[in-house]
Amino acid sequence: MALEKTLVLLKPCTVQRALCGEVINRFEKKGLRIAGMKMMQLDEAILREHYAHLVDRPFFPTLRDSMMATPVVALALEGVDAIEVVRQMAGPTNGRKALPGTIRGDYSVSGQQNIVHASDGPETAAAELKRFFRDEEIFEWTSPMRVAVYASDEC
Ligand code: TYD
């Protein structure tokens, strides 16, 4: 159990479909703390870095273009085991395979237009938070809900 921060991107498909509020609401209702949030236009350079593991895949050009179609909304979310919690909430990559109840399962039918990006481990979360947020854009405010969200020995 560890208090972690993780990066979420609300993809352009989510901005275009006016689902940002709906998705952010899910993270808030779950009990995650919003430590950072901003809208930003991605460019080719940041996408080649962010998706470095995929640049040689045939779908990279459509992925890149879809991620540049409109601005994205970047979120830094904090909670106990937040990286895994948010990945579970997102569901598997392909919205057609993702179960109802997950964000991708409830809002997408695509393997690419799949609503959110979510960091997949502690090292990627640290690198991705640095990629999308300056230090002063991450806020360490104390949530008054913490005593109700967690047991005293959990957090
Ligand atoms: P990946 O990092 O494998 O998945 P995830 O987003 O679940 O961590 O892939 C990054 C994005 O690339 C994914 O959200 C959608 C896109 N993508 C495709 O368009 N086609 C594919 O076959 C894969 C694997 C990913």
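Structure data summary
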{"read-out": "Sequence-distant residues sharing a close amide H with Ser119 (under 5 Å, placed H)", "value": "Leu7"}
{"read-out": "Backbone HN-Hα couplings from phi across segment 90-102 [Karplus 6.51/-1.76/1.60, Hz, Gly and Pro as x]", "value": "5, x, x, 3, 7, x, 6, 9, 5, 6, x, x, 8"}
{"read-out": "Two-site FRET efficiency, Val109 against Asp65, from Cβ-Cβ distance with R₀ of 25 Å, rounded to 0.05", "value": "0.85"}
{"read-out": "Pairs of Cα atoms farther than 14 Å apart, segment 108-155, %", "value": "71 percent"}
{"read-out": "Per-pair calculated FRET efficiency, R0 = 25 Å: Arg131 and Thr93 via Cβ, rounded to 0.05", "value": "0.80"}
{"read-out": "The chain, helix-only ellipticity at 222 nm - DSSP H runs n ≥ 4, -39,500 (n - 2.57), divided by all residues, nearest 500", "value": "-10000 deg cm²/dmol"}
{"read-out": "Expected-Rg normalisation [2.2 N^0.38 Å, Cα atoms] applied to segment 6-56", "value": "1.34"}
{"read-out": "Relative contact order for segment 1-145, counting Cα pairs under 8 Å that sit 6 or more residues apart, in percent", "value": "36 percent"}
{"read-out": "Computed magnitude of the charge dipole of segment 1-127 (debye, nearest 20; Cβ of K, R +1, Cβ of D, E -1)", "value": "380 debye"}
{"read-out": "For segment 145-155, 3J(HN,Hα) per residue [Karplus equation, 6.51 cos²θ - 1.76 cosθ + 1.60, θ = phi - 60°, Hz, x = Gly/Pro]", "value": "7, 4, 5, 8, 7, 10, 5, 5, 9, 9, 8"}
{"read-out": "Computed P(r) (all Cα pairs; the chain; 5 Å bins; percent)", "value": "2, 9, 18, 23, 22, 15, 7, 3, 1, 0"}
{"read-out": "Computed lengthening from Tyr150 to Met39, 0.36 nm per intervening residue step minus Cα-Cα distance", "value": "37.0 nm"}
{"read-out": "The chain, accessible surface, carbon-and-sulfur percent (1.4 angstrom probe)", "value": "54 percent"}
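The values are calculated or read from the model by the stated rules, or taken from the named source; none is laboratory data. Everything quoted here is computed from the prediction, not taken from an experiment. Positions of Cβ are backbone-derived with ideal geometry, glycine not excepted, and every protein chain shown enters the neighbour counts. Ligands, DNA and RNA are excluded from the accessible area calculation, which covers all protein heavy atoms including side chains. Shrake-Rupley method; radii C 1.70, N 1.55, O 1.52, S 1.80 Å.
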